[in-house]
Amino acid sequence: MIQLENVTKTYPKASRPSLDNVSVGIEKGEFVFFIGPSGSGKSTIIKLLLKEVQATRGKVVVNAKDVTSLRSWKIPHFRRSIGCVFQDFRLLPNRTAYENVAFALEVIGKTKAVARRVVPEVLELVGLGGKEHRYPHELSGGEQQRVAVARAFVNRPLILLADEPTGNLDPDTSIEIMRLLDRINRTGTTVVMVTHDSNIVNQMRRRVIEIESGRIVRDQARGVYG
Amino acid sequence: MRVKYVLNEVLVGLWRNVTMTVAMIITMSVSLTMLGASVLMYMQVDRMKNFYYGEIEVSIFLADNVTDGQRQAIKAKIDESPLVKESSYETKEQALERFKVLYADSPDFVAAVNVSSLPESYRVKLTNPEDYDKFAKQIEGEPGIQRIIDQRELLQKVFNIFNSVQLMSLVVAAVMAFAALLLVGNTIQVAAYSKRREVAVMKLVGASNWFIQAPFVLEAVVAGLIGALLGFVALFIGKIVLLDNKLQALTAILTPVPTGNVWLMLPLLAGVGALVSAGTAWVTLRFYLKV
C-alpha cells in the first residue's frame, strides 16, 4: 500500500537530510506508528506521502502510484484517496461540524444530496451525533478532532494519515481518539500515525517504526514506545 | 451547486475588499477608455484617409513667364502619365475667383490681390494619392513649373496631430493598465490570504486546482468586465457630449465618428479587460497559492 525505497529528503539550506536513505513498506490495513524525537524526520514522511514535498532521492509509492513521478496536475485527484488529520485540527471556524465535513465533499465535486446522506452517517460514526450544527468553538478539543477525523474519513480513503492527532488533547481524550482511529483501521483503512505520545503507543501495541536523525532505528510489530 | 458556490464566492470576495475593488475597477475603466479612444482615433484616421484621398489633388503651379509651348509640354506629360486619374487647368482668373470665395471673410485681403499675383495651375487627381512621389519625379524637370504641391502634405499635418493624440492616449492606457494590474494582483493576494484556511483544506482533501483558483480568477474577471463597461459608457458619453455637441464644427471637417465604431469598442474593451484581469489573477495565484 505504501512503499518507500531508499528515500532521502534534504530541505534546501539544511545541513543534513531530514530523511536519510529510508526504506519501509506498509501493507494494506496496517496500523503503523512513526515515533521519534522532534526533528527526527517523521513528519517529513507524511509530507512525502501527500506529495507536499518532493523526495530528493528514492521512490515513494502510494496506492500503487509512483508519487515521486506524479505530475503536479494529478496531485489533487491522488489526494482524494488519502485522509489527513493534524494536531491543530484545521477546521474552518465559520462553519459548523456538518458544514466542515460537507465542505470537503463539495469541493471535490460531490453534490449536496450526497453530503446530506453521508455526512450525518460519518458524524455518527465518530460519536458526534446530535452535535452536527455546533461551530468549532462550541466543541471541545476532542470533539473538534473528531470532526477532523470525520472529514478525513468521509470520502472513505484507503489511507488515513495522522500527524500528532493527540498532540493537543488530554490523555483521556487522546485514548478516545485512538479508539476512533482503531475503529477506522478495522474497516480496512491503512492508518499511518506520527506521534511522540508514549502512552498511546504502549497501549495500542501496533507496529512501531522509530526514526532518529532521519534513519529508521527500529521497526517492530506490536511494539512499545521504548 | 458548484456554479452557485463559485458565484457566491466571487460576490463575497468582491464585497469583502470593496475599496480595493472600486480602485481596481476605476483604474481598469480609465485604462480601457483610453485604449478605446486610441483605437477609435486610429479607425478615424483611416476613415479620413479614405474620405479625403478621394478629394485630394496635386497642384502644379506654373511660373509667371511660362510659354505656351511649355504649357503644352506639361499638359502632355500629365495626360500620358498612367498614375493620373483626371486633371484640369486653372487660369489666373479662375484662381482669383476661387481665392475670393475662400477668403470671403477678409475683404481687405481679397482687395489686395489681383489677377497677376496668383499663378495659373494644373490640378491633377492621382488614381492612388500615395503615388505622389513617383508622379512628381515624372514631371519635376519640365521647364515652366514654379512649384508642385501635394495636398496630402497638408492633410498629413492633421493626421500627425491625430497620431500623436492617439499615441498619448495609448501611453496613458498602458500606464493605467500597469496600475490596474498591480491592483488586481494585490486584490487577489488579499483575497487568497483571507481565504487561506479554506484553500488549505481544499488542497488537503484534493479539490482540483481550477476549483480552488476559479473564484479568485472570476473575481478579477468580473471586476475587469465592470471596468470595461464603465469605459465603454465613458466613450459613448464622450462621443455624444464632445463630438456631437461641443465640437460639432470640428467634426464637419474631421468626418463624424460612426456610432457603429463606438459599439465595436464594447466587445473589444470587455475582451481586453477580462483577459488581462484573468491573466494577472492566474499568474498571481501561481506565485501566491502554489497550488
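Helical runs assigned H by DSSP (4 residues or longer) give chain B a calculated mean residue ellipticity at 222 nm of -24500 deg cm²/dmol, each run adding -39500 (n - 2.57) before division by the residue total.
If you take every DSSP beta bridge whose two residues both sit in the protein assembly as shown, what share of them, in percent to the nearest 5, is antiparallel? Write down the numbers at each step before the final one.
Numbers: 32 of 50 bridges.
Here the share of antiparallel DSSP bridges comes out near 65 percent.
Counting Cα-Cα pairs of region B:64-143 in 5 Å increments starting at 0 gives whole-percent bin shares of 3, 13, 21, 19, 15, 14, 10, 5, 0. The mean accessible area for residues of region B:64-143, using a 1.4 Å probe and ignoring ligands and nucleic acids, is 64 Å² per residue. What is the distance in Å between the Cα centroid of region B:179-203 and that of region B:16-78? Result: 45 Å between the Cα centres. Once the 1.4 Å probe is applied to the protein heavy atoms, chain A comes out at 44 Å² accessible per residue.
Take every pair of alpha-carbon atoms less than 8 Å apart whose residues are at least six positions apart; their mean separation over the length of region B:64-143 yields a relative contact order of 44 percent. In percent, rounded to a whole number, the relative contact order of region A:102-226 is 18, using alpha-carbon pairs under 8 Å and six or more apart. Amide hydrogen proximity for residue A:211: with H placed 1.01 Å from N in the peptide plane, the residues at 5 or more positions away or on another chain lying under 5 Å are A:35, A:36, A:217. As a fraction of the 1.4 Å probe accessible area of region A:38-190, surface on carbon and sulfur atoms comes out at 48 percent.
Largest first, the residues B:86, B:9 sort by 1.4 Å accessible area into B:86, B:9.
In chain A, the calculated helix contribution to ellipticity at 222 nm averages -10000 deg cm²/dmol per residue, counting -39,500 (n - 2.57) for every DSSP H run with n ≥ 4.
In whole Å and largest first, what semi-axes does the C-alpha gyration tensor of chain A yield when each eigenvalue is scaled by 5 and square-rooted? Don't jump to the answer; show the numbers that get you there.
Numbers: eigenvalues 168, 86, 47 Å².
Three semi-axes, in Å: 29, 21, 15.
Counting only whole DSSP H helices of chain B, the ones at least 30 Å long by C-alpha along their axis and with mean Kyte-Doolittle hydropathy no lower than -1.0 are B:18-53, B:151-194, B:209-238, B:259-288.
Comparing Cα centroids, region A:201-219 and region A:11-88 end up 16 angstrom apart. Solvent exposure of residue A:131, expressed as accessible area, is near 60 Å², computed with a probe of 1.4 Å over the protein chains only. Which positions within region B:178-216 get 10 Å² or more of their accessible surface covered by the other protein chains, compared to the chain by itself, with a 1.4 angstrom probe? With the partner chains in place, region B:178-216 has these residues losing at least 10 Å²: B:197, B:198, B:201, B:202, B:203, B:204, B:205, B:206, B:207, B:208, B:209, B:211. Here the Gaussian network model covers chain B, with springs between Cα atoms less than 10 Å apart; of B:215, B:258, B:129, B:258 fluctuates the most. Based only on the alpha carbon positions, what is the Kirkwood hydrodynamic radius of the protein assembly as shown, in angstrom? Evaluated on the protein assembly as shown, it is 29.8 Å.
Normalising by the residue count of chain B, find the relative contact order in percent from Cα pairs under 8 Å and 6+ residues apart.
On the way: 331 pairs, mean separation 94.5, N = 291.
Dividing the mean separation by the residue count of chain B yields 32 percent.
Just the Cα atoms of region A:26-96, one point each, no solvent: what log10 I(q)/I(0) does Debye give at q = 0.12 Å⁻¹? One equal scatterer on each Cα of region A:26-96 leads to -0.41. Applied to region B:60-66, the Karplus parametrisation 6.51 cos²θ - 1.76 cosθ + 1.60 on θ = phi - 60° returns per-residue 3J(HN,Hα) values of 10, 7, 9, 5, 4, 9, 5 Hz, with x for Gly and Pro.
When you count, for each residue, the other Cβ atoms within 10 Å and take the mean per peptide, how do A:18-29, A:37-48 rank with the highest first? The partial results should precede the final answer.
Details: A:18-29: 17.0, A:37-48: 19.2.
Ranked from most to least packed, the peptides come out as A:37-48, A:18-29.
In order along region A:127-138, the Karplus-derived 3J(HN,Hα) couplings, from 6.51 cos²θ - 1.76 cosθ + 1.60 at θ = phi - 60°, round to x, 10, x, x, 10, 4, 9, 7, 8, x, 6, 8 Hz, and Gly and Pro are given as x.
With solvent modelled as a 1.4 Å probe, how much accessible area in total do chains A and B shield from it at their shared surface, in Å² to the nearest 100?
Working: alone 10790 and 16540 Å², together 25780 Å².
By this definition, chains A and B bury close to 1600 Å².
Which residues belonging to region A:47-94 lose at least 40 Å² of 1.4 Å-probe accessible area when the assembly is complete, relative to their chain isolated? Checking the loss per residue gives A:76, A:79, A:92.
The values are calculated or read from the model by the stated rules, or taken from the named source; none is laboratory data. Small disclaimer: the values here were computed from a predicted structure and weren't measured. Virtual Cβ from ideal backbone geometry, glycine too; neighbours counted across all protein chains shown. SASA here: full protein model, heavy atoms, side chains in, ligands and nucleic acids out. Shrake-Rupley method; radii C 1.70, N 1.55, O 1.52, S 1.80 Å.
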